[in-house]
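Notes to accompany the following structure.
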Amino acid sequence: MYKNILVAIDGSEVGNLAFTSALHLAKAHSAQVCALYVVEYPRFYMPEVGYDPTPIYEALVAEGDLIVKQATERLKQEGVNGNAQIADNFYTGHTTAEQIQHIADTCQADLVVLGTHGRSGFKRLMLGSVAEAFVRLSTRPVLLVPQKTAIADDETKTP
């Protein structure tokens, strides 16, 4: 059913759950996985203020490079065909959700897998929701993996 699965990764617990879900689906369907890390700049980032953003930029890219390297290693360990890549919206001005959509189109994803923290209300307003924004603009099927999955898994394990 699935040939190409795109999964957004960010190094978080919920991002890792989404990656694990994508790997399981890829194995079940003999599909390829494209793991994508989008360099996400803080909402308060204002380059016109007059400070040098280079250290922040370099730190965000270095974090992305590390997460992409780890994802590449995990793809190999799991025996899943695919790749991991980084997308940087600094120069394009596109949102993280728009970057994910662009890469989904480029790799012809049959499915996009995203982790979601399940925030609502004020937390969602302040922190935003990449998953929600992506679902609203996506032209492809989306699988949302909630952070609550980890809690449910932990509760079913016996000590």
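Summary of values
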item	result
Qualifying residue in region 73-84 (condition: at pLDDT below 90 and under 20 Å from Gly11 (Cα atoms))	no
Region 26-40: number of residues that are more than 11 Å from the chain's Cα centre (by Cα) and either among the charged types (D, E, K, R) or under 17 Å from Thr72 (Cα atoms) (or both)	5
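The values are calculated or read from the model by the stated rules, or taken from the named source; none is laboratory data. If you're wondering where the values come from, they're calculated on a predicted model, not measured in any experiment.
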